[in-house]
Number of protein chains: 2
Amino acid sequence: MNRQTLVENIRRKKSFLCVGLDTDPLKIPAHIANGPDPIFNFNRAIIDATAPYCVAYKPNLAFYESFGAAGWDALERTIAYIKTNYPDQFIIADAKRGDIGNTSKLYARSFFEHLDVDAITVAPYMGEDSVTPFLGYPEKWVILLALTSNKGSHDFQFIRDEQGTPLFETVIRKSSQWAGDDEMMYVVGATQGSMFADIRRVAPRSFLLVPGVGAQGGSLEEVVKYGMISDCGLLVNSSRGIIYASNGEDFATRAGEEASKLRDQMAALLDSHLG
Amino acid sequence: MNRQTLVENIRRKKSFLCVGLDTDPLKIPAHIANGPDPIFNFNRAIIDATAPYCVAYKPNLAFYESFGAAGWDALERTIAYIKTNYPDQFIIADAKRGDIGNTSKLYARSFFEHLDVDAITVAPYMGEDSVTPFLGYPEKWVILLALTSNKGSHDFQFIRDEQGTPLFETVIRKSSQWAGDDEMMYVVGATQGSMFADIRRVAPRSFLLVPGVGAQGGSLEEVVKYGMISDCGLLVNSSRGIIYASNGEDFATRAGEEASKLRDQMAALLDSHLG
């Protein structure tokens, strides 16, 4: 999906919500967990209930890999289900991959050709030749980790170089020379609202994927205040707050309600910021 | 596998060779590629031919993931084959994972419980809580990316902080507070032989996984000169130079010969350095 289509979807649906499909069989309702094909059936119900309110889905690969081949199979069918039934959804493989060039090329092939998702999250530590193999696929995106929302983000991402520039800013500055704003986004954690002002100085036009709203904390208003640009430029993710809103038989209805609430907040914020 | 057993295996086999199982169906011999179950059958033949000469195997996940569920299945059977037939081999999942705490925990479960490998490579960018979920499994190891051998390693890993310390050294220093030398190793690229002296100043007793010998360049003598310690402390990987030594019907024999040559060099170096 290209940037123009993504932005059109955001304007039409009045939502920049991404639903994280972090499907954990220990947390899903018993009547699904004990039935056949639990991961896929849970995902399908969540997707059907939330699709009107979001513009993106983000399965985190860890949850699927933890079931080996069977988990990959459920992931493949989940992605195919979204693509068939909701082709306007932007699909992000939250995989945080990154390896030497010829190996990253294989990851790119598996995510962009085999799974055919729109975007993959990539870790920056190994530098340019670990990232560029993911570029050059038409309408596909790299979402590079810049500033994450976890406690450990303070271990390395804030280290200042001899000029006083923190590492996460250097990651954005350098990587913006590798690709344009139409094929690279950044992961920027939301627990640090005012940091978005710093991010916008180095990434004025980039889309930002914001993981930390909902169960991980973080204020939607703050993110929008400092982070929103003229074509929105934000995808805000919520996982647990939506998909585990209930673990009873009403889980899908409740997930839809939570997604709808977030969409209403987003609609108001889009109206007041973009007019 | 604990450190003592790993070192005993190195001494007994006079080898610190790790064979990288980067199995690419486009590069394997036609008679295997066109037959049934090509990835597993190729791996099995390579393993049978090289096992006498190495102490470790390192499948890179990218190669298996590029075939989705079928690739994961071949990986699972490859690991089971090694564990059943060559239980003295140290198995490294070269996955370069790393995510927020509860997600890394799932990756740890899938690699240490489901696949039951001895070690996993982990990317450091997200900091402590992305790494610690992999720790605390008895006889299991984290191998943290410190200094990689690719060109892009220069983009971020050498950035000096305000005290002049390069990032890869800070990664080693900080992470050595999270785990001891008996459950954390470091990836250190071999194309920069003299860098091993710097590494040994910050990681005097750590095992180092050295990816860059063979097709990626790098001199075994240099690595040993600057990097070997009293219980060896090195695992040197070769992938393409061994597994693609021939793409004819003699591929396994030729792989065994290349592994045997490297083992002979390693035996001589172990003799002269450890006595």
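Short-range pairs are left out: with C-alpha atoms under 8 Å and at least six residues apart, the relative contact order of chain B is 21 percent.
When GluC sites (Glu not before Pro) are flagged only if DSSP places them in a loop and at most 15 other Cβ atoms lie within 10 Å, the longest unflagged stretch of chain A comes out as A:1-138. Take each residue in A:102-110, count the other chain C-beta atoms within 10 Å of its C-beta, and the mean is 6. Annotation for A:H154, label-to-label distances across the other copies: 3.5 nm (shortest first, one decimal, point 7 Å from Cα along Cα→Cβ). With the convex hull of its Cα atoms as the shape, segment B:59-105 has an orientation-averaged projected area of 3.9 nm². Label-point distances for A:N247 to the equivalent site in the other copies, using a point 7 angstrom along Cα→C-beta, read 5.2 nm when ranked shortest first. Extension gain for A:N34 to A:N2 (0.36 nm times residue separation, less C-alpha to C-alpha distance): 7.6 nm.
A point 7 Å from Cα along Cα→Cβ stands in for A:S219, and the other copies hold the same point at 6.0 nm, listed in rising order. Taking θ as phi - 60° and the Karplus parameters 6.51, -1.76 and 1.60, the scalar couplings of segment A:109-124 work out to 4, 5, 8, 8, 9, 6, 7, 6, 7, 7, 8, 9, 7, 10, 8, x Hz in sequence order, x denoting glycine and proline. Between the listed residues A:S246, A:M266, A:L235, the Cα displaced farthest toward the positive end of the dipole of segment A:205-275, a dipole computed from Cβ unit charges relative to the Cα centre, is found at A:L235.
Please give the direction-averaged projected area of the C-alpha convex hull for chain B, in square nanometres with one decimal. Please report the intermediate quantities before stating the final value.
Working: hull surface 54.4 nm².
If I average the Cα hull's projected area over directions, I get 13.6 nm².
Here the dipole of segment B:170-210 is about 180 debye; that uses its Cα centre as origin and unit charges on the Cβ of Lys and Arg (positive) and Asp and Glu (negative). Taking every protein chain into account, the accessible area of chain A amounts to 34 square angstrom per residue (probe 1.4 Å).
Against the empirical 2.2 N^0.38 Å (N residues), segment B:3-91 has a Cα radius of gyration ratio of 1.12.
Springs join every pair of Cα atoms under 10 Å in this Gaussian network model of chain A, and among A:P204, A:P133, A:P59 the largest mean-square fluctuation is at A:P204.
Per residue of A:145-154, other chain Cβ atoms within 10 Å of the residue Cβ number 6 on average. With the charge dipole of segment A:98-214 set up from +1 on Lys and Arg Cβ and -1 on Asp and Glu Cβ about the Cα centre, the Cα lying farthest toward the positive end among the listed residues A:L209, A:I159, A:M184 is that of A:I159. Expressed as a fraction of 2.2 N^0.38 Å, the value expected for a compact globular protein of N residues, the C-alpha radius of gyration of the protein assembly as shown is 0.97. Peptide A:55-63 has a mean of 3 when you count, residue by residue, the C-beta atoms of other protein chains within 10 Å of its C-beta.
Orientation-averaged projection of segment A:1-151 equals 9.8 nm² [convex hull of Cα atoms, one quarter of hull surface area].
Please report the carbon-and-sulfur percent of the accessible area for segment A:119-267; probe 1.4 Å, protein heavy atoms only, DNA, RNA and ligands left out.
Carbon and sulfur atoms account for 45 percent of the accessible area of segment A:119-267.
Among B:F40, B:I28, B:N2, which residue has its Cα furthest toward the positive end of the charge dipole of segment B:1-47, with +1 on Lys/Arg Cβ and -1 on Asp/Glu Cβ? Of B:F40, B:I28, B:N2, it is B:N2. Here the Karplus curve 6.51 cos²θ - 1.76 cosθ + 1.60, taken at θ = phi - 60°, turns the phi angles of segment B:36-51 into couplings of x, 6, x, 5, 5, 5, 5, 4, 4, 5, 5, 5, 4, 7, 9, 3 Hz, with x standing for Gly and Pro.
The values are calculated or read from the model by the stated rules, or taken from the named source; none is laboratory data. Note that the coordinates shown come from a computational prediction; the quantities given were computed from them, not determined experimentally. Every residue, glycine as well, gets a Cβ built from its backbone with ideal geometry; the counts of neighbours run over all protein chains shown. Accessible surface is based on the protein model in full, side chains and every heavy atom, while ligands, DNA and RNA are left aside. Shrake-Rupley method; radii C 1.70, N 1.55, O 1.52, S 1.80 Å.
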